[in-house]
Amino acid sequence: MKTTGIVVIGAGPAGIAAALAAAEVGTSVTVIDEHPAVGGQLRWRIAPLRGLDEALDGLPACRAAETLHERLAASGVSVLAGAVAWGLFEDGSLAVAAPDGGFRLQAEKIVVATGSVDLVLPFAGWTLPGVLTARAAQIMLHLHRVLPGRRVAVIGEGLDAAELASDLEMAGAEVVLRAADPAQVVASGEGRVERVSANGERREADAVVIALGRQPDPELALQAQVEFGYSVRLGCHLPLRSELLETSRPGLYVAGEAAGAVDLAESFAEGRLAGLAAAGATPERIATAQEALARARSPERSAEVDRMRPGSLGEARPETGTGAPWTSWAEAAAGGGQDDTLARVALCRCEQVTVGEVRQAIEEGALTINDIKRRTRAGMGLCQGIFCTRAMALLLHASRGIPLSEIAPMTERPPTRPIPLASLVEIEE
Amino acid sequence: MDEAPSNGAGDLRVWHHPVLGELQEARPVQITVDGQPLVAREGEVIAAALLAHGILVCRAMPRGREPRGVFCALGRCSDCLITVDGEPNVRACLTPVREGQVIWTQAGLGRWEGPAG
Ligand SMILES: Cc1cc2nc3c(=O)[nH]c(=O)nc-3n(C[C@H](O)[C@H](O)[C@H](O)COP(=O)(O)OP(=O)(O)OC[C@H]3O[C@@H](n4cnc5c(N)ncnc54)[C@H](O)[C@@H]3O)c2cc1C
Ligand code: FES
């Protein structure tokens, strides 16, 4: 087992800010990211940055990622790229699968800055080749310079969907359809997307991009059995944190979108505060970082953060979340409508379990996500539930009336990713 | 932007981009996909090479042989599993192309070697 100072998991804006801040204080810092390069979501976005610092503002996000990389390199932080942190255990040790093998790390302090994943909801035809998440589309367009299709439909109505539509057009694709509500979308074709229809409109298309927004990915922290609460704004559970972003497990911090931060500026400011706190910076420095974080947050977001402190049990209000499109998706998925196309659609892509099968498990008595999982295998596949847990919770909520706040997230167990057997074997040695 | 990028038939590459500029020359890499020769660009992942040539299907699922292709491009969904040089269940979205690589798209038959599932 290797022992080290501070380990930051995730080299997106939050993780980079945390690592730079901790290094400033003079602590030894290692930052781990599963991708070959640092920058997190910035790597594949081209929108100009706003609200970080003078050197970064105005740069396309992907160029800013390069600048952040240079800052890391100059700071003495050791960067472990291409390495997945796949388990955070009761004893505080961290399991890592790196390109050259697996190992365990015992860190003095850990900052989880694992960001978010794309929020997706099932719709008819969503397993067809040609249907991609927003990130996949941006990665293809900007990192690999390949169009996911020439005629593309975009699902979603928020800022992410607007960014995707603009990205696609800039790269030379045609956006043939925009739809807000995934429950209304039908993609069809012979072995791949050929047509898309929504709200009475029907278009020939060769790709569909799901840009419904992002959902926090705090899996590693949840594995460590930290106290968590419910975020009404995001409609999901999040680790509870102190004012210094420490979880109920001493020495374990969560920062950025993994903890529910809404944007880049907040993620960056959270990262800096967590890094300083973990490194034991002076109270003055910490106070300055707290003020900067307060400025980066909207009043509504600040109020939510204040309600979600360890020991507070979080919020429990019987709401679906922030309304459309989830509410209408949940109602459509629960059935009873005339047109029940969703019943035959895979809710769990990996294990090919349909919405109808999950609905039946609920009718037969499943009351929790773990119940559904045991009865149907939904959520037991290689994606570890990241693309289906939200849909399961919405379906439970809509068919049983259980408030989303009371639907506990799936029990998180290592590994968080499918990892090569060799990594496990080496750890046992 | 007044000029649409010239993606010729069968070529989905983004040669011109108003923010990213021209696509730089890359060394061509010869690979074989389901028995057919195909030219990829050095440094790209297999999924990009397949998509650029209009190949969308990576695998077929056990149930109904339902076809799947790149969904997340981040190694999280496993819809892009293919067989590379005899090794099954390789994620096309994370694995770089290499000269002489022999790739078979996968019909849901590969063995998963990891502990998950
Ligand atoms: C389409 C789109 C539009 C957006 N528009 C805006 C906007 O207009 N304004 C704005 O401010 N923000 C916007 N954002 C959001 C902004 O990019 C994020 O707020 C920011 O990237 C979050 O930073 P983060 O460090 O918390 O997470 P991320 O950037 O997601 O970084 C997390 C990192 O952790 C790594 N990781 C995760 N799990 C592990 C693990 N187990 N082991 C190792 N590494 C791991 C990941 O590889 C990743 O690099 C947008 C994002 C998208 C996708
Ligand atoms: S496309 Fe999801 S793992 Fe490759």
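Results, tabulated for the structure shown:
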| quantity | calculated |
| --- | --- |
| The lone exception for A:Val8 - which of (1) within 12 Å of ligand 1 (Cβ to nearest atom); (2) at pLDDT 95 or above; (3) touching a Leu at 6+ places or on another chain (Cβ under 8 Å) it fails | (3) |
| B:Ala73 vs. criteria touching a His at 6+ places or on another chain (Cβ under 9 Å), crowded, with 20+ Cβ neighbours inside 10 Å and within 22 Å of A:Glu351 (Cβ to Cβ) | yes |
| Unmet criterion (only one of (1) more than 10 Å from ligand 1 (Cβ to nearest atom); (2) modelled with pLDDT under 95) for A:Ala19 | (2) |
| Residues within the stretch B:72-83 that are within 11 Å of the chain's Cα centre (by Cα) and outside any loop (DSSP other than H, G, I, E, B), tallied | 2 |
| Residue within the stretch A:48-58 that is farther than 26 Å from A:Ile286 by Cβ and either over 22 Å from the mean Cα position of the chain (by Cα) or within 16 Å of ligand 2 (Cβ to nearest atom) (or both) present | yes |
| Every pair of residues 6+ apart whose Cβ atoms lie under 8 Å, when the first sits in the stretch B:82-106 and is open to solvent by 60 Å² or more (accessible area, probe 1.4 Å) while the second is assigned to a strand (DSSP E or B) and within 16 Å of ligand 1 (Cβ to nearest atom) | B:Leu94/B:Val45 |
| Any chance A:Asp100 is surrounded by fewer than 24 Cβ atoms within 10 Å (Cβ to Cβ) and within 19 Å of the chain's Cα centre (by Cα) | no |
| Index of the failed condition, A:Arg309 passing every other in (1) at pLDDT below 90; (2) open to solvent by 60 Å² or more (accessible area, probe 1.4 Å); (3) farther than 29 Å from A:Ile155 by Cβ; (4) charged (D, E, K, R) | (2) |
| Residue ID - nearest to ligand 1 (Cβ to nearest atom), chosen from residues in the stretch B:52-70 that are among the aliphatic types (A, V, I, L, M), in a loop (DSSP other than H, G, I, E, B) and open to solvent by less than 30 Å² (accessible area, probe 1.4 Å) | B:Val70 |
| Flag for A:Ala74 being modelled with pLDDT of 95 or more and either under 16 Å from B:Leu74 (Cβ atoms) or in contact with a helix residue (DSSP H, G or I) (Cβ under 6 Å, 6 or more places away or on another chain) (or both) | no |
| Among the candidates A:Val111, A:Val185, A:Val131, A:Val152, residue that is buried (at least 19 other Cβ atoms within 10 Å of the Cβ), within 25 Å of A:Cys236 (Cα to Cα) and either among the basic types (Lys, Arg) or within 16 Å of ligand 1 (Cβ to nearest atom) (or both) | A:Val111 |
| Criterion (touching a residue at least 24 places away in the same chain (Cβ under 8 Å), of a type in the set (Val, Ile, Thr) and under 19 Å from B:Arg76 (Cβ atoms)) met by exactly one of A:Ile372, A:Ile386 | A:Ile386 |
| Residue match in the stretch B:17-35 (condition: facing chain A (nearest Cβ under 8 Å), surrounded by fewer than 17 Cβ atoms within 10 Å (Cβ to Cβ) and either acidic (Asp, Glu) or away from ligand 1 (no atom under 16 Å from the Cβ) (or both)) | yes |
| Residues that are modelled with pLDDT under 85 and more than 30 Å from A:Gly130 (Cα to Cα), drawn from the stretch A:232-252 | A:Val232, A:Arg233 |
| Unique match (being in a helix (DSSP H, G or I) and open to solvent by 60 Å² or more (accessible area, probe 1.4 Å)) among A:Ala55, A:Ala73, A:Ala18 | A:Ala73 |
| Residue among A:Met140, A:Met170 that alone is within 12 Å of chain B (Cβ to nearest Cβ) and open to solvent by less than 20 Å² (accessible area, probe 1.4 Å) | A:Met140 |
| Leading residue by the ranking (modelled with the lowest pLDDT) among those in the stretch A:103-138 that are more than 16 Å from the chain's Cα centre (by Cα) and among the basic types (Lys, Arg) | A:Arg104 |
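The values are calculated or read from the model by the stated rules, or taken from the named source; none is laboratory data. Treat the numbers as computed from the prediction; the structure is a model and nothing was measured. Because the Cβ atoms are built from the backbone with ideal geometry, glycine has one as well, and the counts that use them run over all protein chains shown. Surface areas here come from the heavy atoms of the whole protein model, side chains and all, with no ligands, DNA or RNA. Shrake-Rupley method; radii C 1.70, N 1.55, O 1.52, S 1.80 Å.
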